[in-house]
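See below for the structure under consideration.
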Amino acid sequence: MEELVIIGSGPYGLSVAAHLRAGGWPVRVFGESMGFWENQMPRGMLVRSAWEASSISDPEGDLCLDAFEAEQPQPFSRPMPGEDLARYGRWFQTRAVPDLDTRRVSAVERADDGFALTLEDGERIDARRVVIATGLRGFDHRPPEFAPLGDELATHSVDVREPSRFAGKSVAVIGTGQSAIESAALLHEAGAEVELIGRAPMIRWLVRGERLRSFDPIVRRLLYAPTDVGPAGLSWIVAMPNLFRRLPIRTQERLAYRSIRPAAKGWLIDRTADVRMSLARRTTEARPDAGRAQLTLDDGSTRHVDHVLLATGYRIDAGRHPLLGESITKRLRLHEGYPVLGRGFESSVPGLHFVGAFSAWSFGPVMRFVAGTKFTGHAIAGHLKRAPSLGERFADDAQRQPDAVAQSPTSG
């Protein structure tokens, strides 16, 4: 039996593995190294996070971005291209998890003394603990009004690896966040005729924060935490997850929204100067029409385009995670789809941990970014040193009724 298995080898899975192995834990990691970044990131997209906040955490800090850059023939540009961040992640993996098993896990169920995992080739593996680090894959949000268009006429931004495939075509981009604005820029630069349609009355350009960050380094450190998530001042609160999770729920929700509300980096202003933008508008109907998409907006106007790009974000729902069987999901305590997590990112199912975006409700918005790997790695490694045996935890859990771990508004 494996002592601990990590499912997912993006920044969070790799970082947790590095921290646990440094503490002497035998860890097995499954998944394609940086697969989401490598296969889903649109070609040409830049990393929104600052350089200083984009290093994957390891215990000694030896595998930071600066160390990776030092081995390259020339420095990277700032902001950093997504392709380079993916290369950095693979470099980190070869040093921290050289024995990565690239097979995919297809199912996870509870077992008497832990979990039973089924791999894509049919092999079964038993594990005492499991860390879910699968990221946002499979949780892209597709508003129901676009369902009649199907996959042929409407694509989520996560599925557009090559913007050049839309050269010479008309595309409506739905959304007003970083993904929507940058997708519009990339499509426009690839030769598409682009219109951005969004509910927001204006685009929130992150220029004020960029000006503040250009101040004296001492002033910058006072205003912004190293994680670089959230506006000036509030950045320090969301950078401390143990403090954040002790705030009143409504305060947490306000801070989280303020930190990650739809907005776009200032370096996209010039790149989208020629993109048509229809703001304060909502699509009320979408339907196929002679091989194209017809959109009706709430002002009664219509659009006929070759394709619709849905830059509409993600909605986590661990209760419908494709890997987790009913023996787990029926005991999983959730809040609006997010697993309610306690110390060490452990869920209501003993021995089952969730990291990355899954942990954002319990530990705050920094968990949506690479910068959150530092707190996560240290927290899980520290928790497992003090955790009771799973035998004790399973015995206690067996006495619970399934209804006792249903959705709850309280943090763990």
Checking Ala107, Ala133, Ala127 in turn, the sole residue that is touching a residue at least 60 places away in the same chain (Cβ under 8 Å), closer than 30 Å to Ala86 by Cα, surrounded by fewer than 16 Cβ atoms within 10 Å (Cβ to Cβ) and of a type outside the set (Phe, Trp, Tyr) turns out to be Ala107
Within the range 326-352, the count of residues that are β-branched (Val, Ile, Thr) and either in contact with a Pro (Cβ under 7 Å, 6 or more places away or on another chain) or within 16 Å of Gly364 (Cβ to Cβ) (or both) comes to 1
Ala200 vs (1) in contact with a helix residue (DSSP H, G or I) (Cβ under 8 Å, 6 or more places away or on another chain); (2) open to solvent by less than 70 Å² (accessible area, probe 1.4 Å); (3) not basic (Lys, Arg): all pass except (1)
* Asked: Out of all the residues in the range 149-158, is one or more open to solvent by 50 Å² or more (accessible area, probe 1.4 Å), modelled with pLDDT of 95 or more and within 22 Å of the chain's Cα centre (by Cα)?
  -> no
When every residue in the range 24-65 that is in contact with a Gly (Cβ under 9 Å, 6 or more places away or on another chain) and among the polar types (S, T, N, Q) is compared, the one most open to solvent (accessible area, probe 1.4 Å) is Ser55
Going through the range 148-164 in order, the residues found to be closer than 17 Å to Gly291 by Cα and in a helix (DSSP H, G or I) are Pro148, Leu149, Gly150, Asp151, Glu152, Leu153
Condition set part of a helix (DSSP H, G or I) and of a type in the set (A, V, I, L, M), scope the range 66-104, selection surrounded by the fewest Cβ atoms within 10 Å (Cβ to Cβ): answer is Ala70
The residue from Ala239, Ala225, Ala232 that alone is out of contact with any His (no Cβ under 8 Å at 6 or more places or on another chain), closer than 24 Å to Val47 by Cα, among the small types (Gly, Ala, Ser) and open to solvent by 30 Å² or more (accessible area, probe 1.4 Å) is Ala232
Could you tell me whether Ser214 is crowded, with 22+ Cβ neighbours inside 10 Å and either small (Gly, Ala, Ser) or touching a residue at least 12 places away in the same chain (Cβ under 8 Å) (or both)? no
Among helices (runs of 4 or more DSSP H) entirely inside the range 275-391, those with 3 or more residues being open to solvent by 60 Å² or more (accessible area, probe 1.4 Å) are 373-386
Scanning the range 67-81 residue by residue, those under 18 Å from Thr94 (Cβ atoms) and over 23 Å from the mean Cα position of the chain (by Cα) turn out to be Ala67, Glu69, Ala70, Glu71, Gln72
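The values are calculated or read from the model by the stated rules, or taken from the named source; none is laboratory data. Quick caveat, the model's predicted, so the values are computed rather than measured. All Cβ positions, glycine included, derive from the backbone under ideal geometry; neighbour counts span all protein chains shown. Note: accessible area is taken over every heavy atom of the protein model, side chains too, but ligands, DNA and RNA are not part of it. Shrake-Rupley method; radii C 1.70, N 1.55, O 1.52, S 1.80 Å.
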